[in-house]
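Contents: one structure, followed by commentary.
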């Protein structure tokens, strides 16, 4: 019997690309779903800054399938013959519930044996509308596919890595709020295991990093590892809206602003135990991730 075939939605995005790479490393045959064709040789089809699309290039060895999970166009072809499917929606997308439900229905209709859903830690936190939406998607998925595996990661360490490497981490919430940031590649490794059938059907897993660190802690650790100053500064949500958030649509900007206000209240910590057990090793720490970028 040959290697299992898996379909990864959003495979040109940050999360989907990492999952596709982890699945390749595991020896799986990977189909990467993209709404776009390959980029032009000039590279002028690249995404806007800050987009979760990442690049229209798929990892080498991934088969491109053009499909639009938002409309369903092309999903039957992308999922037919696959043994497993990874369902991940674009960040803070208002149609996430419909997207997940549509993909799950198509996967069931064409006989996909395993479905893995990318959710978020604490999906029912009413302070964050996009978390609540993920909770709704989870519940609907459980009705459609009780056997689906649900992964609930915390925010990624990689989200703040470029700022740390640049020497200044600026966030629109307090610097002493605690977080359990997780390494994206650790999340992807667990996802690949789930796609290969290594996780119990119907199970749900919180994926949190090994440390509870504040932004001030992150900057201090980065300065020590990198051997140069790294500042931690707090801005306001209003200034964030006028700066980094200015290119977002009003709905996405408001939902991220709500997330920042929740972070300001309580941070975003979670239990680190489940991820270590799933990996069979200690998860990657913030310091280790930084060291990888100094080698």
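The values are calculated or read from the model by the stated rules, or taken from the named source; none is laboratory data. No experiment lies behind these values; they were computed from the predicted model shown. We place every Cβ from the backbone using ideal geometry, glycine too, and count neighbours over all the protein chains shown.
The set of residues in region 273-286 being surrounded by 15 or more Cβ atoms within 10 Å (Cβ to Cβ) and within 29 Å of residue 229 (Cβ to Cβ) consists of 283, 284, 285, 286.
In this structure, residue 68 does not qualify as modelled with pLDDT of 90 or more, touching a strand residue (DSSP E or B) at 6+ places or on another chain (Cβ under 7 Å) and surrounded by fewer than 23 Cβ atoms within 10 Å (Cβ to Cβ). When only residues in region 146-158 that are over 10 Å from the mean Cα position of the chain (by Cα) and surrounded by fewer than 22 Cβ atoms within 10 Å (Cβ to Cβ) count, which is nearest to residue 199 (Cα to Cα)? Once the filter is applied, the top-ranked residue is 147.
Only residues that are out of contact with any strand residue (DSSP E or B) (no Cβ under 6 Å at 6 or more places or on another chain), within 17 Å of residue 173 (Cβ to Cβ) and surrounded by 18 or more Cβ atoms within 10 Å (Cβ to Cβ) were counted across region 261-272, and they come to 3.
Considering each of 199, 141, 175 in turn, give the residue that is in a loop (DSSP other than H, G, I, E, B), under 26 Å from residue 6 (Cα atoms) and touching a helix residue (DSSP H, G or I) at 6+ places or on another chain (Cβ under 7 Å). Answer to the selection: 199.
Kindly indicate the residue of region 17-59 that is surrounded by 15 or more Cβ atoms within 10 Å (Cβ to Cβ) and within 18 Å of residue 73 (Cβ to Cβ) and also modelled with the lowest pLDDT among those meeting that condition. Across region 17-59, the extreme among qualifying residues is 53. No other residue among 221, 235 is surrounded by 15 or more Cβ atoms within 10 Å (Cβ to Cβ) and in contact with a helix residue (DSSP H, G or I) (Cβ under 7 Å, 6 or more places away or on another chain) apart from 221. Just one of the numbered conditions (1) in a loop (DSSP other than H, G, I, E, B); (2) farther than 20 Å from residue 271 by Cα is not true of residue 123: (2). Only one of the numbered conditions (1) buried (at least 16 other Cβ atoms within 10 Å of the Cβ); (2) closer than 26 Å to residue 19 by Cα is not met by residue 201, and that is (1). Each residue in region 62-98 was checked for being part of a loop (DSSP other than H, G, I, E, B), closer than 25 Å to residue 189 by Cα and touching a helix residue (DSSP H, G or I) at 6+ places or on another chain (Cβ under 6 Å), and 6 pass.
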